[in-house]
Amino acid sequence: MSAASALMPTADTPAPAERDALFKTFGRAWFKRDVDLLFQAVTPDFEWRGGDGGVPIRGREGVAAEFAAMAARTKQVRFADVLYHHAPDASFMTFRIIETDPVTGAETVDVGVERYLFRDGRIAVKDVYKKRG
């Protein structure tokens, strides 16, 4: 099996209510930068593909490194207008993200969509697409 096919969703994609529970855990973990909590909602080989076109973040070590990098950037982050849209084999989250530099007070606003793929009842892939809003 190729790496790409290993990340494709299977017939056991969770029902919408189960996905909502995964997203609740995922969101709490993301804001807390809690790797252990995040991996209650994602597969062991979870892949996070960023909106900057860079190298995907993979697995527990990659997520831990990204959470540390996010903490080092020290921006205050909040989401607004968050909506989840569930398709048969994927879910999409639309959002606005507001980041404030705590030193300068400068604020940036982006709009975006995230695509989530599932495997084995958990989130396997998070694709982030965003632009300055």
Once phi for every residue in segment 88-93 is put through the Karplus expression 6.51 cos²θ - 1.76 cosθ + 1.60 (θ = phi - 60°), the whole-Hz ³J(HN,Hα) values, with Gly and Pro written as x, are x, 10, 7, 10, 10, 10
In degrees rounded to 10, the 0-90 angle between helix 16-32 Cα long axis and the longest Cα principal axis of the chain is 40
Rounded to one decimal in Å, the inverse mean reciprocal Cα-Cα distance for the chain, i.e. its Kirkwood radius, is 15.4
Distance in Å, no decimals, from the C-alpha centre of segment 21-77 to the one of segment 91-124 is 11
Here, trypsin sites (Lys or Arg not before Pro) of segment 61-108 satisfying both criteria (DSSP loop; at most 11 other Cβ within 10 Å) are none
Out of Gly105, Gly121, Gly59, a Gaussian network model of the chain with alpha-carbon springs under 10 Å gives the largest mean-square fluctuation to Gly105
Taking Cα atoms, the helix 59-73 axis meets the longest principal axis of the chain at an angle in degrees (rounded to 10) of 10
Looking only at aspartates and glutamates whose Cα falls under 13 Å of Lys75's and that sit 8 or more positions away or on another chain, we get Glu99, Asp101, Glu107
Non-local residues with an amide H under 5 Å from the amide H of Phe46, with H modelled 1.01 Å from N and Pro and chain starts lacking one, are Gly59
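Each reported figure results from applying straightforward, stated rules to the coordinates on display, with no laboratory input. In this text the structure is predicted, and so the values were computed from the model without any measurement. With ideal geometry, Cβ positions are generated from the backbone for all residues, glycine too; neighbour counts draw on all protein chains shown.
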